[in-house]
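FYI, it's all coordinate maths here, none of it is from the lab. Nothing here was measured: the structure is a model prediction, and the numbers come from that model. Every residue, glycine as well, gets a Cβ built from its backbone with ideal geometry; the counts of neighbours run over all protein chains shown.
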Amino acid sequence: LNSDEVPKQSEENLRSPICCIMGHVDTGKTKLLDCIRGTNVQEGEAGGITQQIGATYFPAENIRDRTKELKADAKLKVPGLLVIDTPGHESFTNLRSRGSGLCDIAILVVDIMHGLEPQTIESLNLLKMRNTEFIVALNKVDRLYGWKTCRNAPIVKAMKQQTKDVQNEFNMRLTQIITQFKEQGLNTELYYKNKEMGETYSIVPTSAISGEGIPDMLLLLVQWTQKTMVEKLTYSNEVQCTVLEVKVVEGHGTTIDVVLVNGVLHEGDQIVVCGMQGPIVTTIRALLTPHPMKELRVKGTYVHHKKIKAAMGIKITAQGLEHAIAGTGLYVVKSDDDLEDVKDAAMEDMKSVMNRIDKSGEGVCVQASTLGSLEALLEFLKSPAVNIPVSGISIGPVHKKDVMKASVMLEKRKEYGTILAFDVKVTPEARELAEELGVTIFTADIIYHLFDQFKAYIDNLKEEKKREAADEAVFPCVLKILPNCIFNKKDPIVLGVDILEGIAKVGTPICIPSRDFIDIGRIASVENNHKPVDTAKKGQKVAIKIVGSNSEEQQKMFGRHFEIDDELVSHISRKSIDILKANYRDDLNMDEWKLVVKLKTLFKIQ
Ligand code: GDP
């Protein structure tokens, strides 16, 4: 066992600040992390997209070393900096800790060539909502035309090396972006010109490719937090800890990755975490961290600790963590705590989510990777524009049992025999079972995509039902036979008619109320101006062919069973009305529905 490779206690007893990175897609968030980490996660991942949550710990020495050129003689009071890898703001919403944001400070990345973009503004709103401090990294300065690379140089030094043209372009773009921030109600200024830190947000120009401005950014983060957040960063004995991810690790079983925000965790501590089936009370078997400067989720050997002080990203192994829920708090049971109280506290987060399940018991099943993303998804499904009821929720990969649960819904309503899986894996066995039972599983990493898929599926089902129902749905019509337009009297009957009311549709069974409701067959075709059509409407004069469906109907003959003055009417029934209502509600206008009601009376349908 390695001795405690934990941050040394700082003189003022501060913990490391926690920082996250936000901003519009492609502004260079991942690249910036790589750059400060000196690793290359981005290129190792398909499409450079990072969807997981990781944390990297930067010891103070590392920061001191990298910022020495700034000659600030960084008097670091914090033991280090913990950077959370937050691609976009979806995971930011997961990073809650007792209702407030988990991060002490954020880096808002803006592409100097693009300025403020839609997700920049969304990020800004989230930061405002959570009251989270931030600095702006004005990234990709190396893309200014004619930029001379000064690898890892402080920005002022790098800027001095540039031609007047480059400096001018930089200033012009900077001014524009400061104006854009102003339009969002925020004052911003280059950090080294910023005299009113706190009221005016600081901008650090950076290049994640060649490293200019990175020392400035690191120093600013540390200095700013240790100066203004002393209270928040003061080390406390009260454990504040959030579960980021639940995962199975070979040789360790199910583990949880947590961010310890404050306090200290010990091997052997009794802990309570929120679980799908209730609170999980267990004991910390091992406290593991990756080696410094390596990201938490990169595979490799771990360092074991007897105890760990905040702030730190930690992997915890313990028994019974299989059903732990990411995005919830971890609680330590102290000797004078009432276990039941701690359990209640741990389940608090889950309760708010449970309350969103549809009381009717009918709805889709929803599954997400963390409590935060589940909450976001439920919120979205509930919004009036979407309005998809939810009958069950789960967190983590989709297993066979989840498919079984969803299949129960198939009998109630086929379309709800569905799992919407957000940012989670589906096990092969679950897929197989779903196929067998007819449960549909939709997966996506973006909420809107899930919705689009589900909507397309529902539309498709509706169409399918319509096709199935087409034979049984009867559109209402009242037809008057036109004189001199009796083209064939029998088998088939071919007549010119005036549509007095409703819709004459191919397939409609026709009867003659004035002649004891005799059935004469179904409309086999409709011709309007010699062109075949599927339907014709009130006011049109068309030729119709009526074909008897059985030998009795085939006997019916114009001039014998009915005459020119007898109206032809759709033969509707209770069932046909129900099918029409269920599948064609929008295909009939108000008058046509009124006709259905009228025919209902005529046919004495209850
Ligand atoms: P993210 O979506 O915000 O995580 O953006 P990435 O880090 O994936 O970067 C998007 C693209 O911009 C990639 O092709 C990066 O190589 C590139 N990029 C990121 N930072 C810089 C930078 O400072 N300068 C230049 N020239 N390209 C950058």
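Shape analysis of the stretch 391-463 based on the Cα gyration tensor places the equivalent ellipsoid semi-axes at 18, 16, 10 Å, largest first. With the convex hull constructed from alpha-carbon coordinates only, the chain shows a mean projected area of 37.3 nm² over all directions. Spatial offset of the stretch 130-199 relative to the stretch 462-479 amounts to 65 Å, using the alpha carbon center of each. May I ask for log10 I(q)/I(0) of the stretch 320-367 at q = 0.18, 0.24, 0.32 Å⁻¹, from a Debye sum over the Cα atoms as equal point scatterers with solvent left out? At q = 0.18, 0.24, 0.32 Å⁻¹ the computed log10 ratios are -0.72, -1.00, -1.23.
Each residue of the stretch 107-123 was assigned a 3J(HN,Hα) from its phi angle through the Karplus curve 6.51 cos²θ - 1.76 cosθ + 1.60 (θ = phi - 60°); the sequence is 9, 9, 8, 10, 7, 4, 7, 10, x, 6, 10, x, 6, 5, 6, 4, 4 Hz, with glycine and proline shown as x. Entry note, the chain: relative contact order of 10 percent, from Cα contacts under 8 Å with a spacing of 6+ residues.
Taking a straight Cα-Cα cut-off under 20 Å and skipping sequence neighbours fewer than 8 places away in the same chain, the lysines within cross-link reach of Lys556 are Lys480, Lys489, Lys490, Lys545. For the stretch 551-606, GluC sites (Glu not before Pro) meeting the loop criterion (DSSP other than H, G, I, E, B) and having at most 12 other Cβ atoms within 10 Å: Glu563. Each residue of the stretch 323-331 is assigned a 3J(HN,Hα), and the resulting list reads 9, 5, 10, 5, x, 10, x, 10, 10 Hz, derived from the Karplus form 6.51 cos²θ - 1.76 cosθ + 1.60 (θ = phi - 60°), x at Gly and Pro. Against the main long axis of the alpha-carbon atoms of the chain, helix 400-412 sits at an angle near 30°.
Toward the positive end of the charge dipole of the stretch 227-292, with +1 on the Cβ of Lys and Arg and -1 on the Cβ of Asp and Glu, the farthest Cα among Gly275, His252, Thr234 is that of Thr234.
Listed by chain and number, the lysines placed with their C-alpha closer than 29 angstrom to that of Lys307 are Lys8, Lys75, Lys77, Lys227, Lys232, Lys247, Lys294, Lys299, Lys315, Lys334, Lys343; residues fewer than eight positions away on the same chain are left out. The string of couplings for the stretch 581-590 from the Karplus curve (6.51, -1.76, 1.60, θ = phi - 60°) is 5, 6, 10, 10, 3, 8, 8, 10, 8, 4 Hz, one whole number per residue in order, with x for Gly and Pro. Between the helical axis of 214-228 and the longest alpha-carbon principal axis of the chain there is an angle of about 80 degrees.
Here the extension length gained between Asp452 and Gln161 equals 99.7 nm, from 0.36 nm per residue of separation less the Cα-Cα distance.
Measuring between their Cα centroids, the stretch 542-606 and the stretch 354-389 lie 43 Å from each other. Building the convex hull from the alpha-carbon atoms of the stretch 491-606 and averaging its projection over directions returns 7.2 nm². Could you give the length gained on full extension between Val547 and Glu472, defined as 0.36 nm per residue of separation minus the Cα-Cα distance, in nm? Full-extension gain reported as 25.4 nm.
Annotation for Val386 and Lys405: the two label points, set 7 Å from Cα along the Cα-Cβ direction, are 1.8 nm apart.
Ranking Gln555, Leu595, Val542 by Cα position along the charge dipole of the stretch 535-606, where only Lys, Arg, Asp and Glu carry charges on their C-beta atoms, puts Leu595 farthest toward the positive end. For the chain, the longest principal axis of the C-alpha atoms and the axis of helix 428-437 are separated by about 20°.
The simple Förster model, with R0 at 51 Å and r as the Cβ-Cβ distance, assigns Asn460 and Asn488 a FRET efficiency of 0.80. Modelled this way, with points 7 Å down the Cα-to-C-beta line, the labels at Asp498 and Lys598 are 1.5 nm from one another. Go ahead and run the numbers for FRET between Thr228 and Val25, Cβ-Cβ distance against an R0 of 30 Å, rounding to 0.05. According to the calculation, E is roughly 0.50.
Only the Cβ atoms of Lys and Arg (+1) and of Asp and Glu (-1) were treated as charged; on that basis the dipole of the chain about its Cα centre amounts to roughly 780 debye.
The distance between label points at Lys334 and Phe517 comes to 8.1 nm (points 7 Å beyond Cα on the Cα→Cβ vector). For the chain, adding -39500 (n - 2.57) for each run of n ≥ 4 DSSP H residues and dividing by the number of residues yields -9500 deg cm²/dmol at 222 nm.
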